[in-house]
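The values are calculated or read from the model by the stated rules, or taken from the named source; none is laboratory data. Since the model is a prediction, treat every value here as computed from it, not as a measurement. Neighbour counts are summed over all protein chains in view; Cβ atoms, including those assigned to glycine, are modelled from backbone coordinates with ideal geometry. Side chains included, ligands, DNA and RNA excluded: accessible areas come from the protein's heavy atoms. Shrake-Rupley method; radii C 1.70, N 1.55, O 1.52, S 1.80 Å.
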Amino acid sequence: MTAQLEPETPGPTLPVTLPDPRSPILPEPDRPATIAEAVSEAVAEAVETGAAEQATPLSDEGRSLLDRGRAGEAVEVLRRAVASAEPGAADLLVGAYLDTGAWSAVIDWLTPLVADGHVAFAGRLGVALAEFGDHVRAEEMLRTAVAAGETAAANDLALLLVADRRLREAVQVLTHAADRGDPSAPDNLVALHLEDGDLAGAAVVAERYAAEDRPDTLVALADVRAAQGRDDEADALYRRAGGLGAVRAHTAYGGFLVAQGDVTAAEHEFREAERHNEPRWAVTIGRFLLDVGRPEVARWYLEIGSGQGDREAAALLGELNGEDPSDD
């Protein structure tokens, strides 16, 4: 276990093993009443004192676990990092909670922080609220994040608007984000056009934003070329995007290869998606393995995806276990 260092700048005193973030801490003199307040103080102190240069061994360990897709283990490490007032630990812990689908914990923890003016957490709070089903507050938080300059929040806001069948507003939000340089917005905008059956509109958007310095845009253009039946171009674009490090290049290329009937090559790409920790890699592999008749191997991946809060993974796992999807 990594030794815990004393912070150079005094931070809030918390127990080494933290309780659930929703549980109050017994008040003591000069001690915050809740973990949220403790984090708020730690954030403020980091800004005021420049504590970013402080050693962060627990945070580094937690970040490494997150990078390897082990969010559940990262939570415990990062709770100790917050207790030690390590700069950046609170931000990492929020990410870990989101990755495990602990929406209530995120909401209860971040609501007072955002209310106290820490709008850097507004985007994550909006995501948690949306997953929890509170679309009104989610939209408010996501718009707050976008207004504060968090362009990535525009993608989450657009997804929320799509879920509420406000497609025109979603397109406006994504177009604005794409024009401001958000790397994921063009990809999401193309996907929105394709899902709506507007191949011509998708092509216009993909060709407008395609650029090698934004490799996710090459994946979007590859998706369009595949939909147009221009398979050789699509194949080359997927490969190029993967070489440039696009976020979902291997996942998208694997799906393309499945459609081409090349199952062996598709599995290789899905394994590469796992190796690069692409979004939703676990449910992608699990679904693929189910489709090719390997349910017991699929189970392991679906359990990972379910543990990360992926609802599709949980539903597929339930069906694999013989549960009735219509049974509440």
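Key figures for this structure:
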{"read-out": "Heavy atoms of residue 118: accessible area, 1.4 Å probe, square angstrom to 10", "value": "40"}
{"read-out": "Percent carbon-and-sulfur accessible area, region 132-189, ignoring ligands, DNA and RNA, probe 1.4 Å", "value": "53"}
{"read-out": "Rounded accessible area of residue 204 (nearest 10 Å², 1.4 Å probe)", "value": "100"}
{"read-out": "Per-peptide average of other Cβ atoms within 10 Å, ordering 137-145, 296-304 highest first", "value": "137-145, 296-304"}
{"read-out": "³J(HN,Hα) computed for each position of region 178-190 - Karplus, 6.51 cos²θ - 1.76 cosθ + 1.60, integer Hz, glycine/proline x", "value": "4, 5, 8, x, 4, x, 8, 4, x, 4, 5, 5, 4"}
